[in-house]
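First comes the structure, then the notes that go with it.
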Amino acid sequence: MKHTKVKDLLNSSITLQEVNAKGWVRTFRNNQFIALNDGSTINNIQCVVDFENTPEETLKRITTGAAISVTGTLAESKGAGQQYEIQVAKLQILGDSDPEKFPMQPKKHSLEFLRENAHLRVRTNSFGAIMRIRSVLSFAVHSYFQQKGFVYVNTPIITGADAEGAGEMFQVTSLPLDNLPKTEEGNIDYKKDFFGKHTNLTVSGQLEGETFAMALGQIYTFGPTFRAENSNTSRHLAEFWMIEPEVAFNDLDANMDLAEDFIQYVIKYALDNCADDLKFLEARLLEEEKSKPQAERSEMTLLEKLNFVLENNFKRVSYTEAIDILRDSTPNKKKKFSYIINEWGADLQSEHERYLVEKHFKCPVILFDYPANIKAFYMRLNEDGKTVRAMDILFPGIGEIVGGSQREERYDVLIEKMKDLGIDEKELYWYLDTRRFGSAVHSGFGLGFERLVLFVTGMSNIRDVIPFPRTPMNAEF
Ligand code: 4AD
Ligand code: MG
C-alpha cells in the first residue's frame with residue numbers, strides 16, 4: 001500500500017478508509033498515542049495504537065525519533081486537539097532511535113544547541129517550519145520574475161572579477177599550498193594555477209548579470225554568494241544566497257518600484273501558502289519575547305509585521321535627509337550610538353539604519369543617493385558630482401535587506417571612476433564592452449535571501465534560516 005502524506009491525511013474529508021503513513025515519532029504518550037510527523041506539514045497526525053494487542057517489544061521501540069510505518073483506519077478523532085487520527089491496525093518499526101542518545105528530545109532546546117546539531121534540528125517544529133517557508137519563498141522568487149518575463153541567468157560561482165571591490169573574497173586554487181610555484185620576481189605564479197589566473201568565489205553575479213541584461217532586457221540571478229568578511233554578526237554569513245535582478249532602461253525610481261513590488265509579492269506568497277508554519281512561528285516569537293524587557297518587545301506580532309509591509313509603502317528618503325535626521329536624533333546627541341554622526345559623508349552603520357527604520361519612520365525605508373566614495377564603482381554619478389544613484393532598503397529588525405543602484409552607463413565616466421579607484425580596465429574589458437556597444441540606462445539590486453527569510457520567519461539569527469550555516473570558524477556538516 002502506498003503511503004499518504006500526513007498533510008493530505010489531515011486535509012482529507014474521506015474518513016473510515018484504510019491508509020498508510022510513514023514518518024518519525026515525535027512523542028508517544030500512555031503507551032497508546034503516537035504523534036507522527038513526516039515533514040509535509042508542521043502538524044502531527046495522532047496514531048492510536050491498540051496496545052493490548054501489540055507486543056511489548058514493539059511498544060518499547062516506539063520512541064521519539066524512530067521511523068515507523070502505520071497502517072489503519074483514518075477516523076474522526078474523539079480526543080481533543082485533532083480532527084483526525086489513524087486507528088492503527090499494523091505498525092512497523094522502520095528505523096529505531098535510541099531514546100537515551102537521540103538529541104532532539106521533546107522539550108525546549110536552545111538555538112545554540114540546535115545549531116550544533118544542524119543535521120538533526122530540522123526534525124524540530126521550528127526548523128521544519130523555517131525550512132518549508134524558505135522553500136516556498138524561493139519558489140515565489142522564481143514565480144514573480146517568471147510571470148514578469150525575466151530570464152533566469154546562472155552567473156558563475158568561480159570568477160576572476162571582484163564585483164563589489166570589497167576585497168573580501170575566498171580564493172579558489174588548485175596550486176599546492178605547501179609548494180607554490182613562483183615567478184622570477186618571487187611572486188606566486190598564477191599562470192600555473194588551474195585557470196591560468198587568480199580566481200575567487202563570487203561575491204555577486206551582478207557584473208555578469210549586466211552583460212545579459214544588455215541583450216535579454218530583464219534578467220535575474222538567484223544563487224550562492226561568498227564573502228570572507230570576518231564579521232561574526234547575526235546578519236552575516238560567509239555563504240549566502242542572493243537574488244539579483246537587472247533591468248535595461250530602468251532608472252533608479254523604476255528600480256525602487258521593482259524592489260518594493262517584488263518584496264511585497266514574495267511576502268504575500270508566504271502568507272498565502274505557509275499559514276500553519278507562520279502561525280507556529282508567530283507563537284514561538286511571542287514566547288521568546290516574553291523573556292525580553294518590555295521596551296525591547298515588538299509592538300506587532302509576526303503576522304502583523306508581515307501584513308504591515310504589504311499594506312504600507314516603503315518610505316523613500318535621500319541619504320542627505322537621513323544624515324540630518326540622525327544628526328539631530330536623541331541617541332546621537334546623547335552619544336548612545338557607537339559611531340556618532342557628525343557630518344555628511346559618514347557611512348551608515350546598522351545602528352543608524354535600525355534607528356531610522358525602527359524608531360524614526362517605523363516602516364521599511366529606501367535610502368537613496370549616497371555619497372559616491374562609500375559605494376561601489378559601478379553606480380551612476382549624479383549631477384552634483386558627489387552622490388551616486390544607489391539605494392539600500394532597510395527593514396525593521398534586519399537593517400539592510402537590499403542593496404542596488406542605477407548603473408553608470410556612460411563609458412567615459414565609468415573609466416574615469418575605475419582609474420581613480422585603481423581598478424584594472426584590462427581585467428574588466430568585458431564589462432566595459434557593455435558601455436562601448438549599445439550602452440543604455442539600466443538598474444538592478446541584490447536581495448539577501450537569508451535576510452528575507454529572517455524577516456518572514458521572525459527569527460533573529462541568520463544562522464537559523466539556512467540549512468548549514470557557514471560563518472568564521474564554522475563549516476561543520
Ligand atoms: O549590498 P550588497 O553588497 O550588493 C551587491 O552585492 C550588489 N552587487 C547587488 C546588486 O546591485 N546586484 O549585497 C546585497 C544584499 C545585502 O543588502 C544583504 O541583504 C545581502 O546581500 N548580504 C548578505 N547577506 C548575508 N550575509 C552577508 N555576508 C551578506 N552580505 C550582503
Ligand atoms: Mg550593501
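Coordinate-derived values only; no laboratory data. Remember, it's a predicted structure, so these values are computed and weren't measured experimentally. When we count neighbours, we look across all protein chains shown, and the Cβ atoms used for this are built from the backbone with ideal geometry, even at glycine.
Counting only DSSP beta bridges with both residues in the stretch 259-398, what percent are antiparallel, rounded to the nearest 5? Once the DSSP bridges in the stretch 259-398 are tallied, antiparallel ones form about 65 percent.
Do the alpha carbons of any pairs in 292/334; 290/375; 359/417 sit beyond 28 Å of each other, and which pairs?
Numbers: 292/334 24 Å; 290/375 40 Å; 359/417 36 Å.
With Cα atoms farther than 28 Å apart: 290/375; 359/417.
In the chain, the longest principal axis of the Cα atoms and the axis of helix 275-290 are about 80 degrees apart.
Tell me, what is the percent relative contact order of the stretch 6-102, built from C-alpha pairs under 8 Å that lie six or more residues apart?
Dividing the mean separation by the residue count of the stretch 6-102 yields 30 percent.
Estimated from the Cβ-Cβ distance and a Förster radius of 25 angstrom, the FRET efficiency linking residue 185 and residue 230 is about 0.25. Annotated for the stretch 6-102: lysine pairs at least 8 residues apart or interchain, Cα distance under 25 Å, count 10.
Enter the Cα centre distance for the pair the stretch 29-100 and the stretch 243-294, rounded to the nearest angstrom. Their Cα centres are 36 Å away from one another. Shown in residue order for the stretch 231-240 are the 3J(HN,Hα) couplings computed by the Karplus curve 6.51 cos²θ - 1.76 cosθ + 1.60 at θ = phi - 60°: 9, 8, 10, 7, 10, 10, 10, 7, 10, 9 Hz (x for Gly and Pro). With respect to the chain, whose longest principal axis is taken over its alpha-carbon atoms, helix 302-311 is tilted by about 40°. For the stretch 6-102, DSSP calls about 90 percent of its internal beta bridges antiparallel. Between amide H atoms placed 1.01 Å from N, distances below 5 Å from residue 402 occur with 393, all of them 5 or more places distant or on a separate chain.
By the count of neighbouring beta-carbon atoms within 10 Å, fewest first, 86, 462 end up ordered 462, 86. Around the amide H of residue 387, modelled in the peptide plane, lie the amide H atoms of 372, 382, all under 5 Å away and 5 or more residues distant in sequence or on another chain. Could you tell me which residue out of 152, 368, 291 lies farthest along the dipole of the chain toward its positive end? Charges go on the beta carbon: Lys and Arg +1, Asp and Glu -1, centred on the Cα centre. The residue sitting farthest along the positive end of the dipole is 291. Of the cross-linked pairs 107/362; 268/362; 191/426, those separated by over 25 Å at the C-alpha level are 107/362. On a 0 to 90° scale, report how tilted helix 411-421 is relative to the longest principal axis of the chain, with both axes built from alpha carbons and the result rounded to the nearest 10. Helix 411-421 sits roughly 80 degrees off the main axis of the chain. Across the stretch 213-230, computed HN-Hα scalar couplings (Karplus, 6.51 cos²θ - 1.76 cosθ + 1.60, θ = phi - 60°) run 5, 7, 9, 9, x, 10, 10, 8, 10, 7, x, x, 9, 10, 9, 8, 6, 8 Hz from first to last residue, x flagging Gly and Pro. Look at the dipole of the chain built from charges on Cβ: of 194, 106, 140, the Cα furthest out on the positive end belongs to 106. Counting every other Cβ atom within 10 Å of each residue's Cβ, 363, 274 order from fewest to most as 363, 274.
Look at the alpha carbon pairs under 8 Å that are at least 6 residues apart: their mean separation over the length of the chain gives a relative contact order of 13 percent.
Counting every other Cβ atom within 10 Å of each residue's Cβ, 164, 116, 246 order from fewest to most as 116, 164, 246.
Counting only DSSP H runs of at least 4 residues, each contributing -39500 (n - 2.57), and dividing by the residue count of the chain, the helix-based mean residue ellipticity at 222 nm comes to -9000 deg cm²/dmol. At q = 0.08 Å⁻¹, work out log10 I(q)/I(0) for the chain with the Debye formula, treating every Cα as an identical point scatterer and leaving solvent out; two decimals please. With one equal scatterer per Cα and no solvent, log10 I(q)/I(0) is -0.61.
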